[in-house]
1. Using every pair of alpha-carbon atoms in the stretch 1-138, split the distances into 10 Å bins beginning at 0 and state the percent of pairs per bin, rounded to integers.
2. Residue-wise, which Karplus ³J(HN,Hα) couplings in Hz belong to the stretch 144-160, taking 6.51 cos²θ - 1.76 cosθ + 1.60, θ = phi - 60°, and x for glycine or proline?
3. Which loop-located trypsin sites (Lys or Arg not before Pro) does the stretch 121-179 contain, where loop means any DSSP state but H, G, I, E or B and the Cβ has at most 14 other Cβ atoms within 10 Å?
4. Check each of the trypsin sites (Lys or Arg not before Pro) in the stretch 258-314 and keep only those in coil by DSSP with at most 16 other C-beta atoms within 10 angstrom; list them in order.
5. List the aspartates and glutamates whose Cα lies under 12 Å from the Cα of LYS69, skipping any in the same chain that are fewer than 8 positions away.
6. Treat every Asp and Glu Cβ in the stretch 103-276 as -1 and every Lys and Arg Cβ as +1, leave all other atoms uncharged, and give the resulting dipole magnitude about the Cα centre to the nearest 20 debye.
7. Which cross-chain or sequence-distant (5 or more) residues have an amide H under 5 Å from the amide H of ILE402, H modelled 1.01 Å from N in plane?
8. Which whole-number percent of Cα pairs in the stretch 286-344 have a distance greater than 19 Å?
Amino acid sequence: MPPFEYKSGELCCEDVPLAKIAAEVGTPFYVYSRSEIERAYKAFDHALEGVPHGVCYAVKACSTLGVLKILVDLGAGADIVSAGELFRWQKAGGDPKKVVFSGVGKSEAEMTAAITAGIDMFNVESAEEMGVLGRVARSMNATVNVALRVNPDVDPETHPYISTGLKQNKFGVAMSEARHLLKKAAAMGGLHVSGVDFHIGSQLVKTSPFTDAIALLIKLVDELAADDIKLDHVDIGGGLGIDYGKGDVVPSPAEYGAAVQKALAPLTSRGIKVYTEPGRVIVGNAGALVTAVMFRKRNEAKHFTIVDAAMNDLMRPALYQSFHPMQPVKQTDKPPIVTDIVGPICETGDFFARDRELPELMPGELLWIGATGAYGAAMASNYNTRPRAPEILVHGSSYTVIRQRETLEQLIAGERT
Ligand code: LLP
């Protein structure tokens with residue numbers, strides 16, 4: 001069953017009409033389908049069946065406790081990039097032993113918190129970070145598992161801002177440096193060299209960048225074996241794209257799974273475990289932003305539909321020129337007009353769509369902005385002193401407010417004149 005569907009002319013999330021939620025919690029709001037998150041996670045996990053693997057959900061994609069709890073219950077691990085995300089994961093009941101910690105700039109305080117919590121793995125991204133992590137671990141009489149993130153210099157063919165595996169990107173270390181660094185790490189004390197990892201980018205719509213990067217990783221693993229460094233795992237990051245309704249042809253998790261399993265066979269046949277860090281593909285299509293039309297206007301050049309959500313609620317269009325599917329919440333046979341869907345913020349970049357064909361919506365009518373479960377609410381801000389939108393989790397014919405709308409008092413808590 002698709003997570004969002006018209007039933008008796010009303011767009012519903014599972015069996016709950018979005019108009020009912022709007023009447024009860026106001027607009028704008030984010031809404032997620034629990035069944036869709038479960039389905040997407042299981043499909044991804046299933047695609048890797050046959051090789052020993054771990055799925056570490058990239059918490060950054062959607063880090064709301066109510067969403068994390070679904071992943072915890074499914075047995076997922078977590079890919080975190082801050083002590084804050086570790087805090088959230090544990091608050092949702094997540095096991096720290098299933099956590100990998102990524103990111104180019106972990107502070108000593110974050111390293112200490114993660115070692116204290118007993119996380120599984122640090123994905124280290126530079127020689128200097130390696131040195132600091134070794135020192136912190138030794139000072140705590142601990143030995144921590146590390147993987148070195150390599151930058152394979154493979155073009156993921158995605159938006160430049162979410163491309164991470166090219167040599168001009170800040171992520172990971174060069175393949176040529178990796179062998180030397182891992183030898184150093186193995187001798188350093190406080191560190192157990194467990195693996196190598198990459199994450200080459202996000203919203204990848206082909207499997208070839210993954211398999212190209214895996215081929216390079218295999219070469220490195222073999223070189224390390226010659227140095228007597230035997231690895232327990234490789235981590236192939238996240239990055240699998242989703243369909244944003246623009247006619248993109250995206251590999252299904254099954255196609256991705258088959259391609260990476262084949263490419264990884266020389267390693268998995270030796271018992272080397274595979275870690276993955278998917279975010280978008282788990283939650284992206286499970287979530288939507290629902291907003292109400294405020295006003296319409298037309299000038300000589302354009303028709304504008306002004307809605308009550310803005311770039312602070314969903315910044316992907318402003319930041320990455322992203323396309324999101326849109327539908328009126330009430331089904332209509334009105335003919336489409338061409339309009340810009342814009343928010344109330346004082347910036348020209350505050351738009352959700354430009355020149356979009358949609359039936360003309362009247363003030364008060366609701367608009368569904370789809371494929372916003374990943375990097376939607378998680379990237380929301382308070383710009384223009386706008387409280388962040390509530391988040392709703394639907395299951396069957398019931399729903400739960402998993403995050404309340406922020407209040408103005410919450411916004412200024414901690415400030416003083
Ligand atoms: N692992 C690491 C180390 C990452 O940096 C990321 C995402 C992931 C895993 C998960 O990637 P995914 O499976 O979701 O593609 N805000 C951007 C996306 C930024 C992705 C950052 N890193 C957007 O809205 O498109």
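1. 11, 33, 28, 18, 8, 2, 0
2. Residue by residue, the stretch 144-160 yields 10, 6, 10, 10, 9, 7, 9, 10, x, 6, 10, 7, x, 6, 10, 4, x Hz.
3. Here the trypsin sites (Lys or Arg not before Pro) that fit, given the DSSP loop and packing criteria, are LYS167, LYS170.
4. Taking the stretch 258-314 and a limit of 16 other Cβ atoms within 10 Å, the loop trypsin sites (Lys or Arg not before Pro) found are ARG270, LYS302.
5. GLU38, ASP95
6. Values: 16 positive and 21 negative charges, 58 e Å.
Around 280 debye, computed over the stretch 103-276.
7. GLU391, ILE392, LEU393
8. Counting pairs separated by more than 19 Å, the tail of P(r) holds 34 percent.
The values are calculated or read from the model by the stated rules, or taken from the named source; none is laboratory data. Computed from a predicted model, the values in this text were never measured in an experiment. Because the Cβ atoms are built from the backbone with ideal geometry, glycine has one as well, and the counts that use them run over all protein chains shown. Heads up: the accessible areas ignore ligands, DNA and RNA and are worked out on the full protein's heavy atoms, side chains in. Shrake-Rupley method; radii C 1.70, N 1.55, O 1.52, S 1.80 Å.
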